[in-house]
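The values are calculated or read from the model by the stated rules, or taken from the named source; none is laboratory data. Everything numeric here is computed off the predicted structure, so don't read it as measured data. Backbone-built Cβ (ideal geometry, glycine too); neighbour counts: all protein chains shown.
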Ligand SMILES: Cc1cc2nc3c(=O)[nH]c(=O)nc-3n(C[C@H](O)[C@H](O)[C@H](O)COP(=O)(O)OP(=O)(O)OC[C@H]3O[C@@H](n4cnc5c(N)ncnc54)[C@H](O)[C@@H]3O)c2cc1C
């Protein structure tokens, strides 16, 4: 039975001792946290973290658990963000400023923004997880990254032992990266301030969005149409964590020098290469993995999706360690065949 602390002094959080984590992550692998605090009021964080039983324990912030892989039990305190709220703090003719609590569901917020008539987040529809985690890896999809719409991030800073507001320029946003990821464990993001435009050109020239709109019979797409097209593409291409455990893309697309990309393309003309502004090139990790024969591959209950070679899946009873050993086998095969290193995208614990 869960040991839930009913202490009324815990204003703003609820403590659970020996908390099972499987159902709190989309990989659905077994792991237990020594302590879990469900935080509904971020202002309670200093008091929570200062409690003598937690002061020297490792800490981990958890949102929707859609980008983490536990390879063992977590002998520390997991802080699960559960604060809610979407507030328009300033309304102007072209752009509104909207503050969103970290515990809000990301996809729910995207749909709220479309319903309220904003344009910009439509390509980021259906990404699982929380608003608080969106800046952590600067989520992106179909040619759009969340940093474009972030004005600032509110967080608890463990090092400074105070609440801080980081402006977008201070967040070191990059491809699936940020200050929060680089200094993992330092910040608890409590809310994000977005700048949401009322009008903006749609981003349709990416990974089949235009073709999908054509198939839908849409000739003058709105933001909501673009979101529907992305949704249809995602549902077709990606395995749904409700059906089979996964954390989306397991590897980042590798970025290599242009010379290396050119020589790889000379021997593999089909290799998809995206040229980046700084002159380097991003390669398709899915293509590299597929060429090594891993699409649909399975070792026990740890496998690679047969829908998408970049997605590792839990067929039922895989452990985090088994998934990591499969990931290692894939990395070695890609390194041997192409001389390219793959880096995991989820946080592995
Ligand atoms: C089917 C599927 C599809 C996906 N598609 C995409 C995609 O298209 N693009 C993309 O970018 N990602 C994608 N992802 C990955 C994932 O959805 C995102 O990374 C998402 O932002 C993770 O949110 P979360 O709340 O689940 O974070 P969690 O998994 O709970 O946490 C991820 C990391 O963020 C940290 N973190 C979480 N919340 C906070 C906070 N409030 N403060 C500080 N740190 C925090 C955690 O400590 C952890 O290190 C996909 C995942 C799945 C399962």
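Given (1) under 24 Å from residue 210 (Cα atoms); (2) out of contact with any helix residue (DSSP H, G or I) (no Cβ under 7 Å at 6 or more places or on another chain); (3) free of Cβ contacts under 8 Å to residues at least 60 places away in the same chain, identify the lone condition not met by residue 147.
(2)
Here is a yes/no grid of residues against (1) touching a residue at least 12 places away in the same chain (Cβ under 8 Å); (2) over 21 Å from the mean Cα position of the chain (by Cα):
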site	(1), (2)
187	yes, no
194	yes, no
200	yes, yes
204	yes, yes
214	no, yes
218	no, yes
231	yes, no
237	yes, no
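Per-residue answers, yes or no, for (1) within 16 Å of the ligand (Cβ to nearest atom); (2) surrounded by fewer than 22 Cβ atoms within 10 Å (Cβ to Cβ); (3) assigned by TED's automatic domain parsing to the domain that holds residue 188:
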site: 51; (1), (2), (3): no, yes, no
site: 57; (1), (2), (3): yes, yes, no
site: 97; (1), (2), (3): no, yes, yes
site: 103; (1), (2), (3): yes, no, yes
site: 107; (1), (2), (3): yes, yes, yes
site: 131; (1), (2), (3): yes, no, yes
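All but one of (1) under 30 Å from residue 343 (Cβ atoms); (2) in the same structural domain as residue 127 (by TED's automatic domain parsing); (3) away from the ligand (no atom under 13 Å from the Cβ) hold for residue 91; state the number of the condition that does not hold.
Exception for residue 91: condition (1).
Which condition breaks for residue 323 when tested against (1) in contact with a helix residue (DSSP H, G or I) (Cβ under 9 Å, 6 or more places away or on another chain); (2) crowded, with 17+ Cβ neighbours inside 10 Å?
With (1) in contact with a helix residue (DSSP H, G or I) (Cβ under 9 Å, 6 or more places away or on another chain); (2) crowded, with 17+ Cβ neighbours inside 10 Å applied to residue 323, the lone miss is (1).
Conditions (1) within 30 Å of residue 26 (Cβ to Cβ); (2) in contact with a helix residue (DSSP H, G or I) (Cβ under 7 Å, 6 or more places away or on another chain); (3) surrounded by fewer than 19 Cβ atoms within 10 Å (Cβ to Cβ); (4) outside the structural domain of residue 312 (by TED's automatic domain parsing), marked per residue:
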| site | (1), (2), (3), (4) |
| --- | --- |
| 182 | yes, no, yes, yes |
| 187 | yes, yes, no, yes |
| 192 | yes, no, no, yes |
| 212 | yes, yes, no, yes |
| 219 | no, no, yes, yes |
| 229 | yes, yes, no, yes |
| 250 | yes, yes, no, no |
| 255 | yes, no, yes, no |
| 267 | no, no, yes, no |
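Mind listing just one residue for me: the one in the stretch 338-349 that is touching a helix residue (DSSP H, G or I) at 6+ places or on another chain (Cβ under 7 Å) and surrounded by fewer than 22 Cβ atoms within 10 Å (Cβ to Cβ) and, of those, nearest to residue 283 (Cα to Cα)?
Going through the qualifying residues, I end up with 340.
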